[in-house]
Amino acid sequence: MSDCLFCKIAAGEIPSKKLHEDELCYAFYDIDPQAPTHFLVIPKAHIPSVSGVDEANAPTVGHIFAVIAELTRTLGIESYRVVSNIGQQAGQSVPHLHFHVLAGRDMTWPPG
Ligand code: 5GP
Ligand code: ZN
């Protein structure tokens, strides 16, 4: 999608602190970290949110979770939280599917 911030980041058109890239996804550090470690993993294809996941793109989402597991292992992170906000009330500010990976501090439950 031409006017999407995360499509542009995934395409390298907007700079980011990249952690990982492959043919399906892109991982980069959040510009406004909410924990000592806070990165995002996004599909390269534009999907608006979890509500846009279907049987056709579900393999990409599964791949993203495998990448999250591998990246956290590589970073030596044993405990972490994976969050995806869907829609305005849940706090989604960028309408391109992304999974937040947060680690390095105690987390509260329920989330705010
Ligand atoms: P959401 O609020 O949609 O769940 O998450 C969007 C996230 O993207 C926020 O945590 C925000 O800090 C991050 N973000 C927004 N713009 C940029 C950017 O230009 N670069 C990076 N690295 N992160 C961004
Ligand atoms: Zn997009």
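Do the conditions hold for VAL41, that is, is it within 16 Å of ligand 2 (Cβ to nearest atom), open to solvent by less than 70 Å² (accessible area, probe 1.4 Å) and in contact (Cβ under 8 Å) with a residue 60 or more places away in the chain? Considered against the rule, which asks whether it is within 16 Å of ligand 2 (Cβ to nearest atom), open to solvent by less than 70 Å² (accessible area, probe 1.4 Å) and in contact (Cβ under 8 Å) with a residue 60 or more places away in the chain, VAL41 comes out as yes. Just a yes or no: is a residue in the range 74-89 farther than 15 Å from PRO43 by Cβ and in a helix (DSSP H, G or I)? Looking for residues that are farther than 15 Å from PRO43 by Cβ and in a helix (DSSP H, G or I), one finds at least one in the range 74-89, hence yes. Scan the range 78-88 and give yes if some residue there is open to solvent by 40 Å² or more (accessible area, probe 1.4 Å), touching a strand residue (DSSP E or B) at 6+ places or on another chain (Cβ under 9 Å), aromatic (Phe, Trp, Tyr) and at negative phi, otherwise no. Within the range 78-88 (the criterion being open to solvent by 40 Å² or more (accessible area, probe 1.4 Å), touching a strand residue (DSSP E or B) at 6+ places or on another chain (Cβ under 9 Å), aromatic (Phe, Trp, Tyr) and at negative phi), the answer is yes, since at least one residue qualifies. Out of all the residues in the range 9-55, which are charged (D, E, K, R) and within 9 Å of ligand 1 (Cβ to nearest atom)? Of everything in the range 9-55, those that are charged (D, E, K, R) and within 9 Å of ligand 1 (Cβ to nearest atom) turn out to be LYS17, ASP30, ASP32. For the residues ALA27, ALA56, ALA35, the requirement of being open to solvent by less than 70 Å² (accessible area, probe 1.4 Å) and over 14 Å from PHE99 (Cα atoms) singles out ALA35. Does the range 95-107 contain at least one residue that is at pLDDT 95 or above, open to solvent by 60 Å² or more (accessible area, probe 1.4 Å) and within 11 Å of the chain's Cα centre (by Cα)? No: the range 95-107 contains no residue that is at pLDDT 95 or above, open to solvent by 60 Å² or more (accessible area, probe 1.4 Å) and within 11 Å of the chain's Cα centre (by Cα). When ALA69 is tested against the conditions (1) within 26 Å of PRO111 (Cα to Cα); (2) without any contact (Cβ under 8 Å) to a residue 40 or more places away in the chain; (3) assigned to a loop (DSSP other than H, G, I, E, B), the lone failure is (3).
The values are calculated or read from the model by the stated rules, or taken from the named source; none is laboratory data. Please read these numbers as outputs of a predicted model, since none were measured by experiment. Note that each Cβ is placed from the backbone with ideal geometry, even for glycine, and that neighbours are counted across all protein chains shown. Remember, those area values only see protein heavy atoms, side chains included, never the ligands or the DNA or RNA. Shrake-Rupley method; radii C 1.70, N 1.55, O 1.52, S 1.80 Å.
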